[in-house]
1. Which condition number in (1) touching a residue at least 60 places away in the same chain (Cβ under 8 Å); (2) over 20 Å from Ala276 (Cα atoms) is the one that Ala361 fails?
2. Considering segment 116-158 alone, what residues qualify as being at pLDDT 95 or above, of a type in the set (Val, Ile, Thr) and either in a loop (DSSP other than H, G, I, E, B) or open to solvent by 30 Å² or more (accessible area, probe 1.4 Å) (or both)?
3. Restricted to segment 33-56, and to residues that are under 21 Å from Pro151 (Cβ atoms) and open to solvent by less than 30 Å² (accessible area, probe 1.4 Å), which residue is farthest from ligand 2 (Cβ to nearest atom)?
4. Answer with yes or no whether Glu14 is loosely packed, with under 14 Cβ neighbours inside 10 Å, out of contact with any Lys or Arg (no Cβ under 7 Å at 6 or more places or on another chain), among the acidic types (Asp, Glu) and under 25 Å from Arg142 (Cα atoms).
5. Every residue in segment 393-443 that is open to solvent by 60 Å² or more (accessible area, probe 1.4 Å) and over 46 Å from the mean Cα position of the chain (by Cα), please.
6. Criterion first (open to solvent by 60 Å² or more (accessible area, probe 1.4 Å), more than 16 Å from ligand 2 (Cβ to nearest atom), within 32 Å of the chain's Cα centre (by Cα) and of a type in the set (Lys, Arg)) does Lys72 satisfy it?
7. Considering only residues that are in a loop (DSSP other than H, G, I, E, B) and at pLDDT below 90, which ones fall in segment 94-107?
8. For segment 20-32, give me each residue that is open to solvent by 10 Å² or more (accessible area, probe 1.4 Å) and within 16 Å of ligand 2 (Cβ to nearest atom).
Amino acid sequence: MKSIRTDRPFPIPEVVRTVLQRLNQGGHIAYIVGGSVRDYLLGREMKDHDIATDADPNRLEELFPESLTVGKAFGVLKVPVTRIDPTSTESDRFIEVATFREDLEYRDHRHPVRVRFAGLEEDARRRDFTINAFYFDPKTARILDPVDGLPDLEARVIRSIGKPDKRFSEDALRLLRGVRFSHALGFRIEPETRAAIQARARLIGKISAERIRDELTLMLKSRDPRGAIEDLAALGLLAHILPRLDLLRRHPRDWKSTLELLGALAPVRDVHVAWAALFHRLGRVDSESAVDNPTAMAQLSAERAALHGEALRLSAKEISIIRSLISDLPKFREAFRMRDATLQRWVREPYFEPLLELHRAEAVCIDGNLAAWAFCSTLWRSYESRRVAGTLRDSKLLSGEDLIGLGLRPGPRFTALLREAEDLALEGVLNSKEEALEWVIKKASS
Ligand code: ATP
Ligand code: MG
């Protein structure tokens, strides 16, 4: 079997080393496998270290009695990091240890029904892409390359292991994983693999909304969200996962500005911003006529975005943020004309920081005019530093009780007075409860 020698140290977290040692001491082979080895070879930061071993599931239970068996029949064990290192505070982190296996039959284009415990070569062949099947051997500091991944890694290519058509129909999630790895790593999808994705695109309908959401999220957070979305469209996947967004392609200007906005945002700091960018023109699909009214269009897009968000099982909180980001985007046009109190209320919205990020990218795409952005950023920073320092004055100087105490009765005028008092406090005209009470008395008697 091919192997790769490396001169660079391969950093292994202490807890992972302990798990490997326990396996070795029990007389077993154990490798680090998959994404972390790929990322090491690429000089990228490594995330989780997964372990593959020849120890069978019963043996694994003996060696790691403190673990959760995800599916004993599948030979996957999750060892809680806190059980290996009691001082660790990462109570929700696990190290995955899996017995070498081959997947025998698949159900629903997603799940292997049966597996057979096997050797390393079979284990490698059940994996998705050649660059995801490297095995680091900590004993020799060599990397085993059973499916010839190195030439693909060097040529920066995503290639299915085995027959692409078969591999995508076994597990349709791989359709999205292929696109994601391509854009997260800046790799090309090899032509036969690419053709198979296109041919099998409709199978993505077999995959749960949650899985699709998670893959899309990773694409949006990648360094090339624009390319990923363009590719999903070109490969026929977008039509199945976000059909209305796919229809936006019939409106070339809106589609183009969606893509440009995604491009200008990368890499996003806050994924809500990327979702908002993705959906910010969605309203166009339903309305040709609202074209000239940016506020109405933003409202419509925000509503449509919420429907997509629900279909993708985003949380109510996430959907609410995405909605606000889309519907508030046109407001920057009026920033210089807004009443001070309105501005102050706006910058206090919990989503204002991501909204600034989205607006900035949009301004860059449209004409590069950052005046409104600079103005609103300054206001927001001033508010934020006072909030963090705890020196922010409460703008609600009065309560309903206070007004009742003055002999006023609840009603529309009552509410308007409270609101106006708050506006004046936000604008620094009223600075204490006494001043506010005095102002109400004067106002109520006039
Ligand atoms: P990431 O950087 O996103 O974590 P990864 O390659 O580590 O990428 P994981 O989902 O963590 O991906 O899976 C770990 C390994 O398991 C992969 O590298 C691959 O070898 C294998 N794998 C994961 N999902 C699949 C799948 N759907 N089909 C085949 N093999 C898979
Ligand atoms: Mg991983």
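1. Only one criterion is unmet by Ala361, namely (2).
2. Val147
3. Here the residue is Tyr40.
4. In short, yes.
5. Correct list: Ile404, Gly405, Leu406, Gly407, Arg409, Glu434, Glu435, Glu438, Ile441, Lys442, Lys443.
6. Judged against the criteria, Lys72 is a match.
7. Scanning segment 94-107 gives no hits.
8. Tyr31
The values are calculated or read from the model by the stated rules, or taken from the named source; none is laboratory data. None of the values given here were measured: they were computed from a predicted structure. In this analysis, Cβ positions are derived from the backbone assuming ideal geometry, glycine residues included, and neighbour counts consider all displayed protein chains. When the accessible area is computed, the model is the full protein with side chains, heavy atoms only, and any ligands, DNA or RNA have been set aside. Shrake-Rupley method; radii C 1.70, N 1.55, O 1.52, S 1.80 Å.
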